[in-house]
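Single-structure report; data block below.
Any read-out appearing in this document is the output of simple, stated calculations on the displayed coordinates, not a laboratory observation. What you see is a predicted model; the values in this text were computed from it and never measured. Neighbour counts are summed over all protein chains in view; Cβ atoms, including those assigned to glycine, are modelled from backbone coordinates with ideal geometry.
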Amino acid sequence: MEKCWGMQDVEWMHVTTRQNSGGLILTWKEGVFIMSNAIAMPRWLCVIGEIQEIQKVCAVCLVYAPNSHQERLTMWDQQGNQLKCPFCTAQKETLSHILMSYPVSWTIWCIIARIWIKCYQCLETLDSILKNG
């Protein structure tokens with residue numbers, strides 16, 4: 001890995017090859033991100049840790065999903081039944097658990113929702129201007 005990235009302070013995790021995929025690899029610079037936990041399953045890799053500069057815990061996940069819609073749904077069902085919450089690792093990971101139990105997650109999604117609303121309003125205004133000249 002050091003040769004590939006040209007530096008020595010690189011950490012990484014991987015999930016091995018499955019059928020035609022080359023597998024998944026997640027890299028980060030040592031000291032910038034400190035890994036505390038990892039979840040590795042076929043087609044799925046998630047690393048949980050702290051970004052040192054801002055001292056915030058985050059999860060970075062990679063998913064190699066099938067091309068078929070039905071296979072993707074099956075994959076998410078199978079993976080979802082096995083996943084535990086990346087923050088507490090005790091309860092099953094559900095949207096309501098993560099949003100209601102972790103105020104930072106709730107805040108981030110509220111910010112994203114506000115941005116989407118502003119973008120939508122902006123597009124509506126632009127569309128109106130273009131139609132009415």
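Work out the FRET efficiency for SER105 and ASP9 from their Cβ-Cβ distance, taking R0 = 41 Å, and round it to the nearest 0.05.
0.90
Quick one: net charge of THR107's neighbours, Cβ under 14 Å, K/R +1, D/E -1?
Computed value for this residue: +2.
Sort largest first and round to whole Å: the equivalent ellipsoid semi-axes of the range 1-64, each the square root of five times a Cα gyration tensor eigenvalue.
Gyration-tensor ellipsoid for the range 1-64: 22, 16, 7 Å.
Quick query: amide H of ALA38 versus all other amide H atoms, modeled in the peptide plane; which residues come in under 5 Å with a sequence gap of 5 or more or a different chain?
ILE48
Which FRET efficiency, nearest 0.05, do ILE51 and ARG72 yield, Cβ-Cβ r, R0 30 Å?
Efficiency at R0 = 30 Å is approximately 0.50.
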